[in-house]
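Notes for the one structure printed next.
FYI, it's all coordinate maths here, none of it is from the lab. For clarity, every value in this text was computed on a predicted model and none was experimentally measured. Note: ideal-geometry Cβ built from the backbone for every residue, glycine included; neighbour counts use all protein chains shown.
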Amino acid sequence: LIPPWRIDLIEQAIATTAKQMQLTLARDAVHYLAQAIGNDTTRIVKELEKLAIYAAGNRLTKEQAITLVPIMTTSSLQLAEALLKGQANSVIRLVNELLSRAEFPLVIVATLITQFKTWLWVKAALTAKRSDAEVATLCGLGNPKRMYFLRQEVKAVSTHDLLRSLSILFDLEVEFKTGSKVDSLLPALLRICFLQSPKSFSMSKK
């Protein structure tokens, strides 16, 4: 089973399966499908079979993929993206949805740490003007094409804020491992929201 936080491997699985079905997908469509479907390999096959019938030999765009394959479940990766953008309201909603599905807080935090570490490595490598191929190797990305999306994601974020966010997440991980209650999850994540986007955070509270 592909780990849910290894979006690069999920994208790779989608691209490989689509090729076997002679289904041509736009690059951003592959990225979207990885987010929408996750690591459920059975659903990957079923959704791609549906898309192949719809495409009828034509190239499928992201817009078409969104229409045909909506995001059905909340994931910790969606939560990570909301944190990076400082979207407090989305963070509150996503945390509540994850906890209502009995997701373990420690697992949520572990996924967030992995994603923020990837963003930090990408940001640091890009700041050092490394090539996409070098950055992909340093970050252990199975699919170098994912660099395009990672570049966009970290474009407006500082290395300093990513480091501070990771520090909060590491502290949270220690708290949960030593018996802290789930109540400490949301306040810590909202602190990360404030780091990433103080202005939008304050506006979202109004």
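Numbers below:
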{"quantity": "By average C-beta atoms within 10 angstrom, highest first, the peptides 167-173, 187-193, 125-131", "calculated": "187-193, 167-173, 125-131"}
{"quantity": "Dipole of the chain [Lys/Arg +1, Asp/Glu -1 at C-beta], most positive-end residue of Ala110, Gln152, Leu172", "calculated": "Gln152"}
{"quantity": "Total charge dipole magnitude, the chain, about the Cα centre, Cβ charges on Lys, Arg, Asp, Glu only, Debye to nearest 20", "calculated": "460"}
{"quantity": "Computed [θ] at 222 nm, helices only, for the chain once each DSSP H run of length n ≥ 4 contributes -39500 (n - 2.57)", "calculated": "-22000 deg cm²/dmol"}
{"quantity": "The chain: most fluctuating residue of Thr137, Thr114, Thr67 per GNM, C-alpha cutoff 10 Å", "calculated": "Thr67"}
{"quantity": "Per-residue ³J(HN,Hα) for the range 189-196, Karplus 6.51 cos²θ - 1.76 cosθ + 1.60, θ = phi - 60°, Hz, x for Gly and Pro", "calculated": "5, 5, 5, 5, 4, 5, 4, 6"}
{"quantity": "For the chain, built as a Gaussian network whose Cα springs stay under 10 Å, the top-fluctuating residue of Leu83, Leu166, Leu99", "calculated": "Leu99"}
{"quantity": "Cleavage-rule hits (trypsin sites (Lys or Arg not before Pro)) in the range 75-117: DSSP loop, at most 13 neighbouring Cβ within 10 angstrom", "calculated": "Arg101"}
{"quantity": "Cα shape, the chain, gyration tensor, a/c 1.5 rule", "calculated": "prolate"}
{"quantity": "Interchain or long-range residues, amide H under 5 Å from Leu60's placed H", "calculated": "Thr24, Leu25, Ala26"}
